[in-house]
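Below: the structure, in structure tokens.
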Amino acid sequence: MLEAKNIDLFYGASQALNDVSLAANTGEITCILGRNGVGKSSLMQAVTGRQPIKKGTVSWMDKDISRMATADRAKMGIAYVPQGRQIFSQLTVMENLKTGFAALPRSKRKVKDEIFDLFPVLRKMTRRRGGDLSGGQQQQLSIARALVMQPKLLILDEPTEGIQPSIIKDIHNVITILRQQGDMAIILVEQYFEFARDLGDKYSVMDRGVVTVSGEVDSMDETEVRKYLTV
Ligand SMILES: Nc1ncnc2c1ncn2[C@@H]1O[C@H](COP(=O)(O)OP(=O)(O)OP(=O)(O)O)[C@@H](O)[C@H]1O
Ligand SMILES: [Mg+2]
């Protein structure tokens with residue numbers, strides 16, 4: 001479904017990605033693991049078109065989207081839940097959710113009830129300002145906003161960073177439900193081994209701009225993978 005091949009990405013003279021390849025398939029969770037600053041978010045920026053790539057290709061459903069604008073990739077079903085949530089603090093919860101409409105044709109612009117079934121806490125808060133939500137609630141809002149787009153590829157960049165354990169569990173449950181529904185590909189960026197082991201189908205470990213180990217989670221070598229992660 002998604003195929004990124006041999007990607008190089010630079011910030012000025014400094015290279016953040018060096019010949020990185022990644023695939024993600026519908027119905028599966030692909031986990032991207034690695035310590036701080038190794039290029040995980042940069043790879044997501046390359047996939048979503050937020051940063052231009054110097055070399056390589058990004059293709060989606062057999063179409064080369066390497067040069068396509070971010071908004072057009074969103075219209076093709078690629079949704080991004082950015083690291084650090086980035087909800088609009090001055091807008092209400094409902095207004096935040098409706099920002100997901102931009103990627104949808106007019107006939108599909110509806111916040112489906114399923115969204116609130118996944119995140120019951122948001123149902124009671126639709127008129128509250130985003131900035132008044134707790135960090136965990138904002139993260140749930142950020143994921144919900146991406147789901148409003150009815151994506152075919154959902155990218156979650158460290159969705160549990162800095163969030164209290166009870167809400168981490170809720171977020172995990174939602175990710176598991178989305179996987180079971182089977183109609184989207186999911187890329188989950190996390191720093192810890194346990195996430196990949198518990199949630200992932202495939203995994204890629206990054207270190208300093210390159211992919212060091214990748215494969216099926218079922219045959220993941222814990223010792224090998226942990227070498228590249230925070231203990
Ligand atoms: N906008 C930017 N301008 C310049 N350098 C950047 C920019 N964004 C990231 N970098 C650098 O690129 C490298 C990779 O950063 P990136 O954010 O992709 O890492 P990461 O794996 O997502 O880290 P973290 O786990 O902390 O989120 C780092 O050295 C970082 O300092
Ligand atoms: Mg990051």
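The values are calculated or read from the model by the stated rules, or taken from the named source; none is laboratory data. Values in this document were obtained by computation on a predicted structure and should not be read as measured data. A quick note on method: Cβ atoms are made from the backbone with ideal geometry, for glycine too, and the neighbour counts reach across all protein chains shown. Calculation scope for accessible area: heavy atoms of the full protein, side chains included, ligands and nucleic acids excluded. Shrake-Rupley method; radii C 1.70, N 1.55, O 1.52, S 1.80 Å.
Right, Gly56: open to solvent by less than 50 Å² (accessible area, probe 1.4 Å), more than 14 Å from the chain's Cα centre (by Cα) and within 23 Å of Leu188 (Cβ to Cβ) or not? Yes: the conditions hold for Gly56.
Exactly one residue among Glu190, Glu194 is at pLDDT below 90 and among the charged types (D, E, K, R), and that residue is Glu194. Filter region 105-124 for residues that are in a loop (DSSP other than H, G, I, E, B) and closer than 18 Å to Val81 by Cβ; which is least open to solvent (accessible area, probe 1.4 Å)? Selected residue: Phe119.
Matching residues to (1) away from ligand 1 (no atom under 16 Å from the Cβ); (2) farther than 25 Å from Arg123 by Cβ:
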site	(1), (2)
Leu22	no, yes
Thr26	yes, yes
Leu33	no, yes
Arg67	yes, yes
Thr92	yes, no
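Using beta carbons and a limit of 7 Å, which pairs, at least six apart or on different chains, have the first residue in region 154-174 and at positive phi and the second one at pLDDT 90 or above and acidic (Asp, Glu)? If the second residue must be at pLDDT 90 or above and acidic (Asp, Glu), the pairs left are Glu158/Glu190.
Evaluate region 201-220: report whether one residue or more is assigned to a helix (DSSP H, G or I) and either within 17 Å of the chain's Cα centre (by Cα) or within 19 Å of Val81 (Cβ to Cβ) (or both).
no
Filtering Val205, Val213 for residues that are over 18 Å from Val47 (Cα atoms) and either in contact with a His (Cβ under 6 Å, 6 or more places away or on another chain) or within 16 Å of ligand 1 (Cβ to nearest atom) (or both) leaves a single hit, Val213. For Ala24, the conditions (1) closer than 18 Å to Pro82 by Cβ; (2) in contact (Cβ under 8 Å) with a residue 12 or more places away in the chain; (3) surrounded by fewer than 18 Cβ atoms within 10 Å (Cβ to Cβ) are fulfilled apart from (3). Among the conditions (1) assigned to a helix (DSSP H, G or I); (2) away from ligand 2 (no atom under 16 Å from the Cβ); (3) within 30 Å of Asp218 (Cβ to Cβ); (4) β-branched (Val, Ile, Thr), the only one that Thr99 does not satisfy is (3). Annotation: Ile168 fulfils all but one of (1) in a helix (DSSP H, G or I); (2) open to solvent by less than 10 Å² (accessible area, probe 1.4 Å); the unmet one is (2).
Residue-wise test of (1) of a type in the set (Val, Ile, Thr); (2) farther than 19 Å from Asp183 by Cβ.
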| position | (1), (2) |
| --- | --- |
| Ile78 | yes, no |
| Arg85 | no, yes |
| Lys98 | no, yes |
| Arg106 | no, yes |
| Lys124 | no, yes |
| Arg127 | no, yes |
| Ala146 | no, no |
| Pro151 | no, no |
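Checked across region 177-189, the condition of being among the aliphatic types (A, V, I, L, M), farther than 17 Å from Pro82 by Cα and in contact with a helix residue (DSSP H, G or I) (Cβ under 6 Å, 6 or more places away or on another chain) holds for no residue. Considering region 27-49, and only residues there that are of a type in the set (Val, Ile, Thr) and either open to solvent by 40 Å² or more (accessible area, probe 1.4 Å) or over 17 Å from Pro82 (Cβ atoms) (or both), the residue that is nearest to ligand 2 (Cβ to nearest atom) turns out to be Val38. Go through the residues of region 165-172 one by one and say whether even a single one is closer than 30 Å to Gln15 by Cβ and at pLDDT below 95. No, region 165-172 contains no residue that is closer than 30 Å to Gln15 by Cβ and at pLDDT below 95.
For region 59-69, the set of residues classified as open to solvent by 10 Å² or more (accessible area, probe 1.4 Å), in contact (Cβ under 8 Å) with a residue 40 or more places away in the chain and not in a loop (DSSP other than H, G, I, E, B) consists of Ser59 only.
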